[in-house]
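Participant: What follows is a single structure, and I will ask about it in a moment.
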Amino acid sequence: MKTVLILNGPNLNLLGQREPATYGHQTLDDVRQLCEAACQQHQLRADFRQSNHEGVLLDWIHEAGAAQAAGQLAGVILNAGAYTHTSIALADAIKGVGLRVIELHISNVHARESFRHHSYLSAVAAGVMFGFGTHGYALAIAAMAQLSHSGGHP
């Protein structure tokens, strides 16, 4: 059974407390449970992580590239939070290891501040999902299952 690595970036540990009108009332643990259930439906295993540190996310992406190359990983669902709009390093890492990634955002980033409209990650992602609240994680997992089975990008 392949694994889906679900990576969450800065401030996502504050889900349920931070701006509930934008991000909802579910906690990160609620999202983890949702992801585990969605992965089970698609015969995948969930590996759910969060870090506020860019370097930690980079290390996890490097590890994921090796796991995907070894046939153990379907890909990564990446909610990089604010790093989406600032991190060339994350984009370079994804491209460098040839990782299948779905970029995910809980909110509709295009309905928010203009600085959120640009993503360094979209160009290296197999797909981008945003605006579906925390349910977007389950949708992204379904999409990853399809991409993994069809051999989709990269």
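The values are calculated or read from the model by the stated rules, or taken from the named source; none is laboratory data. If you're wondering where the values come from, they're calculated on a predicted model, not measured in any experiment. In this analysis, Cβ positions are derived from the backbone assuming ideal geometry, glycine residues included, and neighbour counts consider all displayed protein chains.
Participant: As an exercise: evaluate ILE102 against (1) among the hydrophobic types (A, V, I, L, M, F, W, C); (2) closer than 13 Å to ILE6 by Cβ; (3) at pLDDT below 95 and give the number of the one condition it does not meet.
Facilitator: The number of the failed condition is (3).
Participant: Please work out which one of (1) of a type in the set (Lys, Arg); (2) more than 12 Å from the chain's Cα centre (by Cα); (3) closer than 22 Å to LEU14 by Cα is the condition LYS95 fails and give its number.
Facilitator: So LYS95 meets the others, but not (3).
Participant: Which of the following residues is of a type in the set (Gly, Ala, Ser), at pLDDT below 95, surrounded by fewer than 16 Cβ atoms within 10 Å (Cβ to Cβ) and within 22 Å of ALA138 (Cβ to Cβ): ALA37, ALA82, ALA111? Before the answer, list the steps.
Facilitator: Details: ALA37 fails: at pLDDT below 95; ALA82 fails: within 22 Å of ALA138 (Cβ to Cβ).
Among ALA37, ALA82, ALA111, only ALA111 is of a type in the set (Gly, Ala, Ser), at pLDDT below 95, surrounded by fewer than 16 Cβ atoms within 10 Å (Cβ to Cβ) and within 22 Å of ALA138 (Cβ to Cβ).
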